[in-house]
1. In the stretch 139-156, how many are under 8 Å from the mean Cα position of the chain (by Cα) and either of a type in the set (Phe, Trp, Tyr) or within 8 Å of the ligand (Cβ to nearest atom) (or both)?
2. Output yes when any residue across the stretch 74-83 is in contact (Cβ under 8 Å) with a residue 12 or more places away in the chain, surrounded by 14 or more Cβ atoms within 10 Å (Cβ to Cβ) and away from the ligand (no atom under 16 Å from the Cβ), and no when none is.
3. Mind listing just one residue for me: the one in the stretch 110-138 that is out of contact with any Lys or Arg (no Cβ under 7 Å at 6 or more places or on another chain) and of a type in the set (Asp, Glu) and, of those, nearest to the ligand (Cβ to nearest atom)?
4. So, of the residues in the stretch 6-33 that are among the hydroxyl-bearing types (Ser, Thr, Tyr) and outside any strand (DSSP E or B), which turns out to be surrounded by the most Cβ atoms within 10 Å (Cβ to Cβ)?
5. Checking the condition within 16 Å of the ligand (Cβ to nearest atom), among the aliphatic types (A, V, I, L, M), over 16 Å from ASN275 (Cα atoms) and modelled with pLDDT under 95, which residue from ILE172, ILE191 passes?
6. Can we say SER70 is hydroxyl-bearing (Ser, Thr, Tyr) and over 30 Å from ASP245 (Cα atoms)?
7. Step by step: first the residues of the stretch 135-193, then only those that are among the polar types (S, T, N, Q) and part of a helix (DSSP H, G or I), then the one that is farthest from GLY120 (Cα to Cα). Which residue is that?
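The values are calculated or read from the model by the stated rules, or taken from the named source; none is laboratory data. Just so we're clear, the structure is a prediction, and the values are computed from it rather than from any experiment. So basically every Cβ, Gly included, is an ideal-geometry build from the backbone, and we count neighbours across all protein chains shown.
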Amino acid sequence: MKTILIQTKKELIDYKDSLPKDSIIGLVPTMGALHNGHKSLIECSRKKDTQTIVSIFVNPTQFGENEDFSKYPRDLNKDFKLCEENGVAVVFAPNPTEMYPKDDEISLRPPKNMGYTHEGFIREGHFDGVLRIVLKLLHLSTPHHAYFGEKDAQQLLIIKRLIQDTFLKTKIIPCPTQRDIDGLALSSRNIYLSKEERLEALKIPTALKKIAEAVQKGELKTSILIELAKIELENLNVEYLDICDHDLNPIAYIQKNSSIALIAAKVGKTRLLDNLWL
Ligand code: PAF
């Protein structure tokens, strides 16, 4: 199958209309700078779907004024090649005016309790922007399945709520976080890290590992687990370290399969996120 590059809404709709009725469409929404984490989302889709659409769009509305929107890594040729090599049917790479033809448009807000804590607290308006673009992408590609990494845990949980609250039919498929051999969670922003910073960054997965090991041994009290992680994160600029339920409410004790440990830390100028689904 040859990968097609599509840059307009009309072409994407025409493409979908041209597909056989029994096609199963999978959407992998990305902002490009594709790495093995994205590749694993594509592979999940290739197993389940007859057509995989990868969207590549650095979404301006989810970046704050002082964030890295203009600096965010962009290399469409390289990304397209990765998609071609992995059997993607369509790369949808629109420009900003295609996705946001009007300056002033309908806005969307995440639920109060889960949208304005953690990432939503530090990055004001971030999830409003994520919801706007994801809803548009879902409407344009009407996928049976849409794939999101567990690494962006809060995003994944909020997008699941988007589906529930707006009665969309797409099934959200969470995919496990991919890590480098040193344990660092894959992220497009890892390229900003110097060698020394990368070593510092490894404190994050180590802290999460400490939590996982303690839970395995039967420690369920979150205040104790947080203290254990804090020791590993010493001297790191930690923005939050928290253990919550899936609505992002803090909890006193871990409840198996419905708890999550979240860490955000700044290493040099780079913000890194990681988490552990418990
Ligand atoms: O996770 C991302 O890369 C982005 O937030 C997403 C879901 C593609 C929306 O722009």
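1. Going residue by residue through the stretch 139-156, those that are under 8 Å from the mean Cα position of the chain (by Cα) are 148-153, 155-156.
Okay, now just the ones that are also either of a type in the set (Phe, Trp, Tyr) or within 8 Å of the ligand (Cβ to nearest atom) (or both), so 148-149, 152, 155.
The total comes to 4.
2. yes
3. Going through the qualifying residues, I end up with GLU119.
4. The initial filter retains those residues of the stretch 6-33 that are among the hydroxyl-bearing types (Ser, Thr, Tyr), namely 8, 15, 18, 23, 30.
Okay, now just the ones that are also outside any strand (DSSP E or B), so 8, 15, 18, 23.
Numbers: THR8: 12, TYR15: 17, SER18: 8, SER23: 13.
Looking at the filtered set, the residue picked out is TYR15.
5. On the way: ILE172 fails: modelled with pLDDT under 95.
Criteria check complete, one pass: ILE191.
6. On the way: hydroxyl-bearing (Ser, Thr, Tyr): yes; over 30 Å from ASP245 (Cα atoms): yes.
In short, yes.
7. Checking each candidate, the answer is SER141.
The rows are residues; the columns are (1) within 16 Å of the ligand (Cβ to nearest atom); (2) within 18 Å of GLN155 (Cβ to Cβ); (3) touching a helix residue (DSSP H, G or I) at 6+ places or on another chain (Cβ under 8 Å).
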residue: LEU19; (1), (2), (3): no, no, no
residue: ILE24; (1), (2), (3): no, no, yes
residue: LEU27; (1), (2), (3): yes, yes, yes
residue: GLY37; (1), (2), (3): yes, yes, no
residue: LEU41; (1), (2), (3): yes, yes, no
residue: CYS44; (1), (2), (3): yes, yes, no
residue: PRO60; (1), (2), (3): yes, yes, yes
residue: GLY64; (1), (2), (3): yes, yes, yes
residue: GLU67; (1), (2), (3): yes, yes, no
